[in-house]
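Structure record follows, encoded as structure tokens.
A short reminder: the numbers here are calculations on the coordinates, not readings from a lab. These numbers were taken from a predicted model, which means no experiment stands behind them. Neighbour counts are summed over all protein chains in view; Cβ atoms, including those assigned to glycine, are modelled from backbone coordinates with ideal geometry.
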Amino acid sequence: MSISTTPQVQGIFDPATWTVTYVVYEKVGSACAIIDSVLDYDHKSGRTHTTSADKVIAFVKEKNLKVEWILETHAHADHVTAAPYLKEKLGGVTAIGDHIQQVQKVFQGVFNLESSFKTDGSQFGHLLKEDEEFKIGKLTGKTLFVPGHTPACVAYQIGDAVFVGDTMFMPDVGTARCDFPGGDAKVLYQSVRKLLSLPNETRLFMCHDYPPTDRAICFETTVAEQREKNIHVHDGVSEAEFVAMRSKRDATLEMPVLILPSVQVNIRAGEMPPAEANGVAYLKIPMNLL
């Protein structure tokens with residue numbers, strides 16, 4: 001695939017979860033893909049709403065775009081995906097990397113899910129294999145396997161743009177944690193270096209931004225900037241140094257506020273658990289386990 005192609009990219013930031021949803025397209029009226037959407041979730045009440053997703057829908061309609069893909073970089077632990085809602089309103093195929101099966105197996109045990117829950121990834125419309133290419137109208141996307149934060153993380157390369165998920169953040173924030181089930185700091189280092197081996201001018205789009213207080217939200221950088229300035233993994237940082245730093249730092253971090261609701265919904269491609277006899281769906285909170 002050609003990295004010379006320059007797709008249009010619209011980032012839509014959700015301040016409640018610090019998440020950026022992307023709409024990627026060639027031009028007005030063309031096909032598009034939506035990457036890492038957000039369903040608003042109030043953890044105090046258990047209620048959901050669609051404010052963030054509706055902003056995505058408004059942009060898609062404003063540009064007269066046709067949604068072909070609703071993509072996930074991984075099963076997020078910090079926000080609930082809006083994929084089913086977007087698919088209902090806009091169409092498109094939901095997709096994630098095929099290693100999601102491994103994550104489903106782990107969390108089936110963590111949440112003691114119903115016996116009918118499948119761990120074959122069939123909740124998604126398509127499972128993308130490593131290096132698999134897919135079309136977004138005239139654009140070509142490529143799936144890059146970048147585990148470490150989770151064992152199933154992927155990035156999406158579309159022309160000169162790469163959507164890195166949670167592998168890394170802006171240079172002054174660093175890299176993602178590796179202490180979730182199946183995470184591995186050594187593997188993340190290798191994944192980051194894989195991304196940073198792309199041409200220096202490659203545009204990198206972050207899934208989140210957690211900025212220092214002295215700058216505004218920002219979620220686009222380049223391979224060259226990351227190699228020079230990333231505080232955790234700039235050129236010259238060895239694998240051993242990175243693993244030591246990441247392990248020490250991860251030991252101090254609290255679990256994300258939404259990890260328990262998010263993961264058990266996101267491994268279902270955004271669908272809620274089956275409703276019980278009273279017609280209500282319930283999420284589980286495992287006690288003293290994580």
Name the residue, out of SER238, SER45, SER30, whose mean-square fluctuation peaks in a Gaussian network model built on the chain with Cα pairs under 10 Å.
SER45
If you rank TRP18, TRP69 by fewest surrounding Cβ atoms within 10 Å, what's the result?
TRP18, TRP69
Solvent-free Debye scattering, log10 I(q)/I(0), computed from the Cα coordinates of the chain at q = 0.07, 0.08, 0.09, 0.13 Å⁻¹:
-0.24, -0.32, -0.40, -0.87
With a ≥ b ≥ c the root eigenvalues of the C-alpha gyration tensor of segment 149-259, is it rounded (a/c under 1.5), prolate (a/b larger than b/c) or oblate?
rounded
Would you mind checking which residues have amide H under 5 Å from VAL162's amide H? H placed 1.01 Å from N; only 5 or more apart, or other chain.
ARG203, LEU204, PHE205
Karplus-derived 3J(HN,Hα), 6.51/-1.76/1.60, for each residue of segment 124-130, Hz, glycine and proline x:
9, x, 7, 9, 8, 8, 4
With unit charges on the beta carbons (Lys and Arg positive, Asp and Glu negative) and the dipole taken about the Cα centre of the chain, which residue among PHE242, ALA216, GLY125 sits farthest to the positive side?
GLY125
From fewest to most C-beta neighbours within 10 Å, the residues GLU130, GLU254, GLU201 line up as GLU254, GLU201, GLU130
For segment 63-198, state the average projected area of the convex hull of the C-alpha atoms over all orientations, rounded to one decimal in nm².
9.4 nm²
Calculated FRET efficiency for the pair LYS27/CYS218, C-beta based, R₀ 22 Å, to 0.05:
0.30
Flagged links, alpha-carbon separation over 20 Å, of LYS105/LYS186; LYS66/LYS87; LYS105/LYS248; LYS135/LYS194:
LYS105/LYS186; LYS105/LYS248; LYS135/LYS194
List the residues, sorted by chain then number, that are 5 or more residues from ILE136 or on another chain and whose placed amide H is less than 5 Å from its amide H.
GLY141
When ILE35, ILE100 are arranged by how many other beta-carbons sit within 10 Å of their Cβ, fewest first, they go ILE35, ILE100
